[in-house]
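Presented below is the structure to which this report refers.
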Amino acid sequence: MSFRFKQFSVDDSRCAMKVGTDGVLLGAWLSITTRKKKIAVLDIGTGSGLVALMLAQRFPSATITAIDIDNEAILQASSNFASSPWTDRLNAINVPLQDFLPDEHFDLIVSNPPYFVNSLKNPDAARSTARHTGSLSYEDLIRHSNRLLDPYGSLALVLPAEAEEPIISLAKSYDFYPIQLTRVSTRRGKEPKRILVTFSKEQMYYCEQGALAPECYTTSLCLSHSADGRRSEEYKELTKDFYL
C-alpha cells in the first residue's frame, strides 16, 4: 500500500511492518539539540523508511543512514528514498545493528524497535522478526547506540508504555539519561499505550523557553478525544507538516 504525505509518499507493500502511528509520532515529535551545521542521523530498523523521510523533511542539514536486518525492507526504503525530494541525503543499508561499523559517529539515533517481547510469535517469519525483540534486544539497542553516538548526541525511541522503567534503568547503566519523555494515550482518560523518549549523555535539556533544567521534560499526548477516533487537536498540531 502507498501512503501519501504532504511532501513524500511511502510504499510499504514489501515490508513486514506497515506504516503506522508509532513511526509518524516519532518522526514528528523528536528534536535535535546539536548546534552542528551538518547533522548525521541513524535510523535503526527503518522498515519502509518512513521516519527517515520525515527527518529529511524536517531537518534540511541532516544526512540520514537507515539500516534494517530485512533485505526486502531495505529495497522498499531505497525505492521510497529515490522517489523523494531528498534522495541525496538518504541511504539505506541491509545490516544488523550489531554488525554495523560506520566510519562516523551520529548526532542523532532514532528507532521504532521491535517490542512484543513476551507475546506469541507470528507465524510469518519476517513479520515476527520485525515485531519481536529476539533479533534486537533493548540491551543491544542501547549498547550499540552508545557505541555509535557522538558524545553530545541523542537517542530517540518510541516504545510500549510498560517499557518505560526498564528502558530508563537500562539506559542509565550506559550513562544515558532521559531528557524528554511524552506518554501517549489513544483516548482521554485512558492509560498510556506508548512512550516517546529521548536520551542524552548530558543530564540537561532545552525547554521551549530556551532555559536549561536538570530534569527530564515530561509531557502527555492524547491521539483522539472522540469515540469515532478523530484526531485530537494536539495530535493534528504535532503532525500538521505531514498529513494531508
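Values as computed for the structure displayed
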| quantity | calculated |
| --- | --- |
| The chain, accessible surface, carbon-and-sulfur percent (1.4 angstrom probe) | 49 percent |
| Karplus 3J(HN,Hα) series, Hz, for the stretch 160-166 with 6.51 cos²θ - 1.76 cosθ + 1.60 (x for Gly, Pro) | x, 4, 5, 8, 4, 5, x |
| Residue-level accessible surface for Lys190, protein heavy atoms, 1.4 Å, Å² | 120 Å² |
| The chain: antiparallel DSSP beta bridges as a percent of all, rounded to 5 | 45 percent |
| Per residue value of the accessible surface for the chain (all protein chains in place, 1.4 Å probe), Å² | 50 Å² |
| By accessible area with a 1.4 Å probe, ligands and nucleic acids excluded, highest first: order of Glu191, Glu234 | Glu191, Glu234 |
| Long-range amide H partners of Phe5 with built H, under 5 Å | Val10 |
| Assigned charges on the beta-carbon of Lys, Arg, Asp, Glu; the chain dipole about Cα centre (debye) | 620 debye |
| Structure-based [θ]222 nm, the chain - -39500 (n - 2.57) summed over DSSP H runs of at least 4, per residue, nearest 500 | -7500 deg cm²/dmol |
| Efficiency of FRET between Thr219 and Asn71 - r from beta-carbon atoms, R0 35 angstrom, step 0.05 | 0.40 |
| In nm, spacing of pseudo-spin labels at Lys36 and Glu234 (7 Å Cα→C-beta vector) | 3.3 nm |
| Kirkwood Rh in Å, taken over all unlike Cα pairs in the stretch 64-117 | 12.3 Å |
| For the stretch 1-104, convex hull of alpha carbons as volume per residue, Å³ | 99 Å³ |
| Principal axis box of the stretch 1-45, alpha-carbon based, largest edge first, Å | 38, 23, 17 |
| Pairwise FRET efficiency - Asp241 versus Glu191, Cβ, R0 = 41 Å, nearest 0.05 | 0.90 |
| Residue-count net charge about Val41 - beta-carbon cut-off 12 Å; Lys, Arg +1, Asp, Glu -1 | 0 |
| Summed residue charge, Cβ within 9 Å of Gln57's Cβ, Lys/Arg positive, Asp/Glu negative | +1 |
| 10 Å binning of all Cα-Cα separations within the chain, expressed as whole percents from 0 upward | 7, 32, 40, 19, 2, 0 |
| With eigenvalues of the C-alpha gyration tensor scaled by 5 and rooted, the stretch 160-204, Å | 23, 11, 5 |
| Order of exposure, largest accessible area first, which applies to Cys222, Cys216 with probe 1.4 Å | Cys216, Cys222 |
| Nitroxide proxy distance, nm - points 7 Å out along Cα→Cβ at Glu139 and Arg58 | 3.1 nm |
| Additional length obtainable on full extension of the chain from Tyr174 to Phe100, 0.36 nm per residue less Cα span | 24.7 nm |
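The values are calculated or read from the model by the stated rules, or taken from the named source; none is laboratory data. These numbers were taken from a predicted model, which means no experiment stands behind them. Every residue, glycine as well, gets a Cβ built from its backbone with ideal geometry; the counts of neighbours run over all protein chains shown. These accessible areas exclude ligands, DNA and RNA; they are computed on the full protein's heavy atoms, side chains included. Shrake-Rupley method; radii C 1.70, N 1.55, O 1.52, S 1.80 Å.
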